[in-house]
Amino acid sequence: MPALHNKQRAVCPRCGYTLSIYHRNDMPLALALSISAMIFLLLSLPFNFLSFRANGQQNSIDLPGGLHVLIEQDYFSLALITGMATLVLPGLVLTGLITLLTARLTVAPQPWMKTLLKWVEALMPWSMAEIFLLGTLVSLIKITSLADIAIGMSFYAFVLFSVCMSAALFYFDDTRLKLWLYNGNLPYIAPLTPQLSSLSIQRTWALLFTALILYIPANALPIMTTELFGDAEPNTIMGGVISLWQSGSYPVALVIFFASIVIPVGKLIVLARLTYAVQFHELNKPERQIRYYRFIEFIGRWSMIDVFVVAILVALIQLGSTLSIHPGPAALAFCGLVFITMLAAMTFDSRLIWQQRDRADL
């Protein structure tokens with residue numbers, strides 16, 4: 001790793017991957033932003049998050065209260081997923097960042113810090129606060145025509161928490177932290193042996209087939225049911241997109257369409273194509289394939305928008321027989337689809353793309 005100046009980056013000459021970006025005072029900035037994000041996260045819990053008023057009836061929720069409503073309605077799985085992804089895991093990531101960055105600025109490296117960094121990196125992809133925020137905005141657009149919506153103090157605190165956490169992760173340079181923890185070296189990575197290659201391919205295929213099975217109920221079954229004056233109206237994912245488009249909410253319809261339809265299908269196709277190509281040695285443009293892989297690895301988690309939209313609507317709109325929304329069986333199927341495709345992307349060893357070119361060069 002060369003010495004970097006302000007706003008310089010170190011890029012792998014082989015695959016173009018950015019290894020490190022140096023920003024002046026980036027460690028103190030990341031620490032300050034992490035502490036700010038933790039404060040705003042705590043402030044987003046006790047106050048009112050959203051209020052919903054329709055036909056003289058009103059319902060208000062805070063974030064813990066929204067999860068409690070889901071549990072009371074016997075949707076414990078949805079409450080657990082939402083709470084973990086939006087509150088618990090972001091809180092754990094921020095706690096780890098604050099601990100590591102404080103140690104980096106004050107003490108010498110310790111062995112336990114290496115383990116903590118591994119846990120922080122493992123939890124980062126599953127921390128989805130910014131996706132939950134976007135899902136909340138989509139929910140507000142969906143129900144604006146049904147009733148009056150009021151935004152509480154916790155909503156603004158959650159927005160600031162999401163912004164500060166995203167900024168903290170932007171300034172957090174894990175490569176430089178690893179160089180500090182490992183005395184100027186990067187951690188050892190086991191070489192890609194034939195056994196590891198075969199195991200990676202088998203696991204990826206197994207996860208892809210599981211995701212394909214889940215894709216059918218996720219799109220064929222209702223993701224939520226709207227009950228208006230005793231009449232129940234189930235909505236599938238595609239049905240919701242069509243309703244938004246017909247109501248004139250074109251940007252929101254496009255967001256849901258790409259996040260819930262295009263991205264899961266694209267991930268399945270690209271990962272299946274990559275896995276097949278590395279298994280039967282058919283890759284001929286690794287530079288292009290690695291860009292496809294990195295894109296789907298980054299974008300896949302955003303498909304959770306629809307799940308969070310359902311969680312917000314179910315927690316907020318509970319007015320008895322007048323107007324109520326309940327999650328459908330597709331909600332958990334779709335959530336499982338997103339998680340399985342994320343695991344498939346993580347399981348696929350991207351070194352397989354370059355291994356084939358190395359053999360061709362030999």
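The values are calculated or read from the model by the stated rules, or taken from the named source; none is laboratory data. As the structure is a computational prediction, the values presented were derived from the model and not from experiment. Note that we place each Cβ from the backbone using ideal geometry, even for glycine, and neighbour counts take in every protein chain shown. Side chains are part of the model used for accessible areas, which takes the heavy atoms of the whole protein and leaves out ligands, DNA and RNA. Shrake-Rupley method; radii C 1.70, N 1.55, O 1.52, S 1.80 Å.
Quick notes
- Of all residues in the range 1-56, those being hydroxyl-bearing (Ser, Thr, Tyr) and in a strand (DSSP E or B) number 3.
- Matching entry among Glu287, Glu282, Glu297, Glu233 (being touching an Asp or Glu at 6+ places or on another chain (Cβ under 8 Å) and surrounded by fewer than 21 Cβ atoms within 10 Å (Cβ to Cβ)): Glu233
- Among the conditions (1) in a helix (DSSP H, G or I); (2) touching a residue at least 12 places away in the same chain (Cβ under 8 Å); (3) open to solvent by 10 Å² or more (accessible area, probe 1.4 Å); (4) within 23 Å of Leu87 (Cβ to Cβ), Val252 misses just one, which is (4).
- If you filter the range 305-356 down to residues that are hydroxyl-bearing (Ser, Thr, Tyr) and under 30 Å from Thr193 (Cβ atoms), you find that the one that is nearest to the chain's Cα centre (by Cα) is Thr341.
- Of all residues in the range 295-318 being among the charged types (D, E, K, R) and touching a residue at least 60 places away in the same chain (Cβ under 8 Å), the one that is nearest to Asn48 (Cα to Cα): Asp306
- Among residues of the range 174-187 that are over 21 Å from Tyr17 (Cα atoms), those with a Cβ under 6 angstrom from a residue that is open to solvent by less than 50 Å² (accessible area, probe 1.4 Å) and not in a loop (DSSP other than H, G, I, E, B), sequence gap 6+ or separate chain, pair up as Leu181/Met113.
- Ala333 vs. criteria small (Gly, Ala, Ser), under 19 Å from Arg203 (Cα atoms) and open to solvent by less than 60 Å² (accessible area, probe 1.4 Å): no
- Of all the residues in the range 191-204, those that are within 23 Å of the chain's Cα centre (by Cα) and either surrounded by fewer than 17 Cβ atoms within 10 Å (Cβ to Cβ) or farther than 30 Å from Val309 by Cα (or both) number 2.
- Flag if Tyr215 is surrounded by 15 or more Cβ atoms within 10 Å (Cβ to Cβ), part of a helix (DSSP H, G or I), hydroxyl-bearing (Ser, Thr, Tyr) and in contact with a Pro (Cβ under 8 Å, 6 or more places away or on another chain): yes
- Residue in the range 52-63 that is modelled with pLDDT of 90 or more, open to solvent by 50 Å² or more (accessible area, probe 1.4 Å) and not charged (D, E, K, R) present: no
- Tally, over the range 134-187, of residues that are open to solvent by less than 40 Å² (accessible area, probe 1.4 Å) and in contact with a Phe, Trp or Tyr (Cβ under 9 Å, 6 or more places away or on another chain): 16
- Yes/no for Thr82 being touching a Ser or Thr at 6+ places or on another chain (Cβ under 9 Å), β-branched (Val, Ile, Thr), crowded, with 18+ Cβ neighbours inside 10 Å and part of a helix (DSSP H, G or I): no
- Count of the range 89-118 residues, restricted to those that are surrounded by fewer than 18 Cβ atoms within 10 Å (Cβ to Cβ), over 21 Å from Ile39 (Cα atoms) and either in contact (Cβ under 8 Å) with a residue 24 or more places away in the chain or touching a strand residue (DSSP E or B) at 6+ places or on another chain (Cβ under 7 Å) (or both), is 2.
- Unmet criterion (only one of (1) assigned to a loop (DSSP other than H, G, I, E, B); (2) modelled with pLDDT of 90 or more) for Gln195: (1)
- Selection of the range 218-249 for residues being out of contact with any Leu (no Cβ under 6 Å at 6 or more places or on another chain) and assigned to a helix (DSSP H, G or I) yields Asn219, Ala220, Ile237, Met238, Gly239, Gly240, Val241, Ile242, Ser243, Leu244, Trp245, Gln246.
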